[in-house]
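Accompanying notes for the structure given below.
The values are calculated or read from the model by the stated rules, or taken from the named source; none is laboratory data. Treat the numbers as computed from the prediction; the structure is a model and nothing was measured. Neighbour counts are summed over all protein chains in view; Cβ atoms, including those assigned to glycine, are modelled from backbone coordinates with ideal geometry. Accessible surface areas use protein heavy atoms only, side chains included; no ligands, DNA or RNA. Shrake-Rupley method; radii C 1.70, N 1.55, O 1.52, S 1.80 Å.
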Amino acid sequence: MKLSVAIFFGGLFGALGILFFLVAFGTDYWLLATEVGRCSDSLNDTREEITYHHEGFFWRCWFSGSIDENTNSIWKFWYTNQAPSKNCTHAYLSPFPFFRDEHNSTAYDSAIIYRGFWSVLLLLGVVTAVLASFFIICAAPFGSHVLYKVGGGFFISAGILFTLVVVMYVIWLQAMADLDNYVTIKKIDCPDFIIYVRYGWSFILAPVGIFFAMFSGMLFLLVGRTIHLHSN
């Protein structure tokens with residue numbers, strides 16, 4: 001009875017972990033940035049601009065908005081509140097705040113290499129979590145302690161990989177993205193330029209998935225060990 005309960009909750013937590021990982025992987029809201037500035041085309045031509053950016057594994061998108069009292073609200077990024085049309089580019093080639101041909105080659109190349117490692121770890125984490133579910137599904141009909149242990153190990157590995165992904169993204173935003181230099185460049189044409197940067201809901205879902213995957217992995221390792229002890 002206790003073994004069945006452990007298998008049930010292990011499967012439930014594993015399924016939730018995979019769900020959160022897939023949503024974090026497939027949605028482009030790891031970063032949310034709002035740019036506000038008063039820019040000048042000439043001495044007598046000044047305009048206020050606001051641009052919203054969001055990015056994830058696949059895409060980096062941006063769209064314009066209107067300045068109001070809720071300019072910096074996170075709800076401006078919600079699907080129904082976005083502009084009817086927006087621009088998007090591959091996040092791997094132009095991670096925020098970099099654009100190809102707009103930064104010096106050294107900084108851009110370093111950013112691409114770093115984001116390349118981040119992308120590979122994210123992809124490996126998703127694949128590992130899916131493989132873990134495959135092993136657990138195969139283990140259930142046969143009661144194989146080996147498959148339960150392998151599946152549990154894969155869930156824990158997926159949790160570790162996604163932990164590295166989250167840590168690397170924090171390092172990217174806090175140190176590698178060079179936002180101070182980006183703001184300095186923008187202030188040349190827009191003296192009152194301000195940027196607000198925050199982590200998005202795709203980023204927030206990743207740690208939740210890590211918790212469920214790690215807990216599921218430990219439960220399945222325990223299930224495998226228990227079945228092995230009872231079979232001897």
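Worth pointing out:
- Qualifying residue in the range 193-212 (condition: closer than 27 Å to SER119 by Cβ, open to solvent by less than 20 Å² (accessible area, probe 1.4 Å) and not in a helix (DSSP H, G or I)): yes
- Residue in the range 173-187 that is modelled with pLDDT of 85 or more and farther than 17 Å from ARG60 by Cα present: yes
- Filter result (out of contact with any Gly (no Cβ under 9 Å at 6 or more places or on another chain), within 17 Å of TRP62 (Cβ to Cβ), at pLDDT 80 or above and aromatic (Phe, Trp, Tyr)) within the range 72-115: PHE96
- Any hit, the range 142-162, residues being aliphatic (A, V, I, L, M) and within 21 Å of VAL5 (Cβ to Cβ): yes
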